[in-house]
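Heads up: the structure comes next, in structure tokens.
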Amino acid sequence: MSEDFFSDVTGIIPFGGPDASDPLSYRVYQPDRMVLGKRMEDHLRIAVCLWHSFAWPGSDVFGVGTFDRPWLVAGQDPMVAARAKLDAAFEFLTKLGVPFFCFHDVDVSPAGATFAESRSNLDTVAGWIAEHMDRTGKHLLWGTANLFSHPRYAAGAATNPDPAVFAYAAAQVKVMLETTQRLGGANYTLWGGREGYETLLNTDLAREETQLARFLTLVAEHKHKIGFKGLLLIEPKPQEPTKHQYDYDAATVHGFLVRHGLEGEYHVNLEVNHATLAGHSFHHDVAYAVANGIFGSIDANRGDPQNGWDTDQFPNSVDELSLALYEILKGGGFTTGGFNFDAKLRRQSMARTDLFHGHIGGIDTLARSLLVAAGMIEHRTLDAPRDARYAGWSGAVGTSILDGSASLESLEARVAAGAIAPTPVSGGQEALENAVNQRIWAIRD
Ligand code: XUL
Ligand code: CO
């Protein structure tokens, strides 16, 4: 294997500590550091995504690719280029020192002239991936099928008005789910990129919901049939590419699962910039998913507060991610999920080494957020005031309401007799914000 795509980095990115002067070192991330009794690496379960980082040339709607990526240069034999791309990706994973990666079928495998030819290419490439995994000890966090780029999916995959497109998408997911299983993937993700509508003028909402439910039921059935052990994950996003996407946010996905008897079959893969596009804080979507038992995994990135689209920048806000990590830790941490960097470099960050800078910054941000979240748990920063706030529900009135023994009549009688007389209590928001900041500022190493 060639080892020279990232010659600026000679070994594994080292831990240099908070005052490190070498930008190619971690200031915070130490895989073996124990946090709340567990290694940092096992808490964070970090993954690199192959689409933005290895399959995208830095193009945008106004211009062609700008990135220095020899494996993407046009005119090469597609299978030779695919092999070089994997060599580069596994060299990068090894040097970055993280355990996982994620990919779509089309990120790694060239399309053939027919479905059978594409399937055979993927089969060959999966063999190469397996060899790299054996050699490097890296793992697949999740696989997914790209059901949004090809023109056949312009009007959706499962929600397409043409059942032939549904069938084609089903075939593609079957192959990719089996490929994910073959590679020991920890999860399988479905992002409904074009499962939505551009205009209601030509859209039958009820029919498309039924189609989507059928599709997800077939995928869950096949998972059980082949004995795939990982979680099936749905990735919510409110819009882009379509004007409106059905998997709008965690709460919408949850309602859909409950309506169609799919609760328990699917969890969510939450992406920071998707939650913010839906008008939520990322904290909100994570807290919702944990509270409703559908939390699965995370696509780590950040949006730009001045732009209204999915900028997918590398995360750099400890303030934002500490609260998300707090909810994750409170919920028991990841099981099979992890933090996948669904993040892309800016188009002017053309050098291959920029891939290291983006990931190092994102990983350190997560590591520091983990330390803050652990501090909040150890100090009961939010637990203690929250417990106090709801304490009344353990008392006589609260218990009688929750256990069903109180009725409107009995409550009215007690209120009218003056036995129940509520007094407003401060929510203490500013004090809590200060307490959270205290934990953020308390982390010094
Ligand atoms: C798109 C997005 C996808 C999914 C996988 O916004 O996040 O890359 O993560 O299909
Ligand atoms: Co994503």
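Just the accessible area per residue of the chain, please: how many Å² with a 1.4 Å probe?
46 Å²
When ranked by the protection proxy of mean other Cβ atoms within 10 Å per residue, highest first, what sequence do the peptides 112-120, 328-336 form? Walk me through the intermediate numbers first.
Working: 112-120: 12.7, 328-336: 17.3.
Put in order of decreasing packing, that is 328-336, 112-120.
Give the shape of region 201-248 as rounded, prolate or oblate, defined through the alpha-carbon gyration tensor: a ≥ b ≥ c are the square roots of its eigenvalues, a/c under 1.5 means rounded, and otherwise the shape is prolate if a/b is larger than b/c and oblate if not.
Oblate, because a/c is 1.5 or more while a/b does not exceed b/c.
Listed highest first by mean packing, meaning other Cβ atoms within 10 Å per residue, what order do 236-246, 78-88, 290-300 come in?
Packing order, densest peptide first, comes out as 290-300, 236-246, 78-88.
For region 12-133, what's the relative contact order in percent, using C-alpha pairs closer than 8 Å and at least 6 residues apart?
After rounding, I find 23 percent.
Cross-link candidates for Lys225: which aspartates and glutamates have Cα within less than 15 Å, leaving aside residues fewer than 8 places away along the same chain?
Glu178, Glu265
Given points 7 Å out from each Cα along the Cα-Cβ axis, report the Thr10 to Phe115 separation in nanometres with one decimal.
Label at Thr10, label at Phe115, 5.2 nm between them.
Under the rule a/c < 1.5 gives rounded, and otherwise a/b versus b/c splits prolate from oblate, where does the chain land using the Cα gyration tensor? Show your work: numbers first, answer last.
Details: a/c = 2.11, a/b = 1.34, b/c = 1.58.
Oblate shape, in that a/c is at least 1.5 and b/c is the bigger or equal ratio.
Suppose every Lys and Arg Cβ carries +1 and every Asp and Glu Cβ carries -1, with no other charges. What dipole size does the chain come out with about its Cα centre, to the nearest 20 debye?
With only Lys, Arg, Asp and Glu charged at Cβ, the dipole is about 500 debye.
Please compare each pair in Lys95/Lys344; Lys229/Lys330; Lys85/Lys237; Lys85/Lys344 to a cut-off of 21 Å on the Cα-Cα distance and tell me which ones are over it.
Checking Cα-Cα distances, Lys229/Lys330; Lys85/Lys237 exceed 21 Å.
Run through the DSSP bridge list for region 243-369 and note the antiparallel percent, rounded to the nearest 5. Working shown, then result.
Details: 1 of 9 bridges.
Within region 243-369, antiparallel bridges account for around 10 percent of the total.
When the accessible area of the chain is computed with all protein chains present and a 1.4 Å probe, what percentage of it is carbon and sulfur?
Accessible surface attributable to carbon and sulfur in the chain totals 55 percent.
Each label point is 7 Å from the Cα along the Cα-to-Cβ direction; what then is the distance between the points at Val61 and His150, in nm?
That separation, rounded to one decimal, is 2.5 nm.
If you find the alpha carbon centre of region 103-180 and of region 372-445, how far apart are they in angstrom?
Cα centres, region 103-180 to region 372-445: 48 Å.
Extension gain Val73-Asp32, at 0.36 nm per residue separation less the Cα-Cα distance, in nm?
10.9 nm
By how many nm would the segment from Ala419 to Arg39 grow when fully extended, if each residue of separation counts as 0.36 nm and the alpha-carbon distance is taken off?
That works out to 131.6 nm of additional length.
Placing +1 on the Cβ of each Lys and Arg and -1 on the Cβ of each Asp and Glu in the chain, which of Ala416, Ser59, Gly333 has its Cα farthest towards the positive end of the resulting dipole?
Result: Gly333.
May I ask for the Rg/Rh ratio of region 81-128, computed from Cα atoms with Rh as the Kirkwood radius, given to two decimals?
1.04
Rule-of-thumb check for region 117-182: C-alpha Rg over 2.2 N^0.38 Å?
With N residues counted in region 117-182, Rg over 2.2 N^0.38 Å equals 1.30.
Rounded, prolate or oblate: pick one for region 117-250, where a ≥ b ≥ c are the square roots of the eigenvalues of its C-alpha gyration tensor, a/c under 1.5 means rounded, and failing that, prolate if a/b is larger than b/c, else oblate.
Prolate, since a/c reaches 1.5 and a/b exceeds b/c.
In what sequence, highest mean first, do 36-43, 139-146 appear when ranked by Cβ atoms within 10 angstrom? Intermediate results must be reported in sequence, preceding the final value.
Details: 36-43: 15.8, 139-146: 24.5.
In descending order of packing, they fall as 139-146, 36-43.
Taking 0.36 nm per intervening residue step and subtracting the Cα-Cα distance, what contour gain separates Thr335 from Gln239 on full extension? Each step should come with its number before you reach the end.
On the way: separation 96, 0.36 × 96 = 34.56 nm, distance 2.84 nm.
Once the chain is fully extended between Thr335 and Gln239, it gains 31.7 nm.
Any idea what the dipole of region 112-263 comes to, in debye rounded to 20, about its Cα centre with Lys/Arg Cβ at +1 and Asp/Glu Cβ at -1?
320 debye
Normalised by the number of residues in region 249-352, what is the relative contact order in percent for Cα pairs under 8 Å and 6+ residues apart?
The value is 27 percent.
What nm distance separates the two modelled labels at Asp319 and Thr399, each placed 7 Å from Cα along Cα→Cβ?
4.3 nm
For region 85-149, what is the relative contact order in percent, using Cα pairs closer than 8 Å and at least 6 residues apart in sequence?
45 percent.
With the dipole of region 108-231 worked out from charges on the C-beta (+1 for Lys and Arg, -1 for Asp and Glu) around the Cα centre, which of Gly230, Ala116, Thr203 lies farthest toward the positive end?
The residue sitting farthest along the positive end of the dipole is Gly230.
The values are calculated or read from the model by the stated rules, or taken from the named source; none is laboratory data. In this text, all values refer to a predicted model and were calculated from it rather than measured experimentally. Virtual Cβ from ideal backbone geometry, glycine too; neighbours counted across all protein chains shown. The area values use the complete protein model at the heavy-atom level, side chains included, leaving out ligands, DNA and RNA. Shrake-Rupley method; radii C 1.70, N 1.55, O 1.52, S 1.80 Å.
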